[in-house]
Amino acid sequence: MRKVRRIYEITQEINFISPQKEMFKTGKSVPDRIVSIVKAYIRPIIRGKEVKADDIYATNVNRKYCTCQGIVTNFKRKGRAGKHEGQRMIIAKELRKERVTRMEGSFGTEKQHYSLDKKIKAKTELNEILWIFFGVHAANTIQITKRLAQEDLLRKIA
């Protein structure tokens, strides 16, 4: 019964993909396109696009925290533009590009290190998400541990 259901699901996904394939051939953008028949929940990575996620984090509390910690952000300005707004926007654009490049590079490195680049053998979408979640958090833990060890070493030397 499971196999019959899976065959039906794959047939439905193929029927959904066929018009997408024709649209793609014409050079038109295919919204919400399916990348894999086996894992229909996977969607393509949007590369080179400006991420708007910063807007939701640009609260007054976060702005104040980042300022106190010396963290440079690309939050939208509040109030009137300064007299050097043109230069500030150019710098902000370059910072965004650099951040996206580093983040994508980091994801690629971590995918290779934790064998997530070849084939994730998780059978369900939830398991796959968990594998990636723990891989990213393990990588972050290693980075933090290395940073703390380096800071400790510098304190002992000083």
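The values are calculated or read from the model by the stated rules, or taken from the named source; none is laboratory data. Only a predicted model underlies this, so the values are computations on that prediction, with no experimental measurement involved. Cβ sites come from the backbone with ideal geometry, for glycine too, and all protein chains shown count toward neighbours.
Reported count of residues in region 70-107, each being closer than 23 Å to Thr141 by Cα, exposed (fewer than 12 other Cβ atoms within 10 Å of the Cβ) and of a type in the set (Gly, Ala, Ser), is 2. Taking the conditions exactly as written (more than 29 Å from Ala58 (Cα to Cα) and within 17 Å of the chain's Cα centre (by Cα)), does Glu128 satisfy them or not? Taking the combined requirement at face value, the residue satisfies it.
Note on region 49-69: among residues that are outside any helix (DSSP H, G or I) and at pLDDT below 85, the one that is surrounded by the most Cβ atoms within 10 Å (Cβ to Cβ) is Ala58.
Quick one: would you say Ile129 is more than 30 Å from Ala40 (Cβ to Cβ) and of a type in the set (Val, Ile, Thr)? Taking the combined requirement at face value, the residue does not satisfy it.
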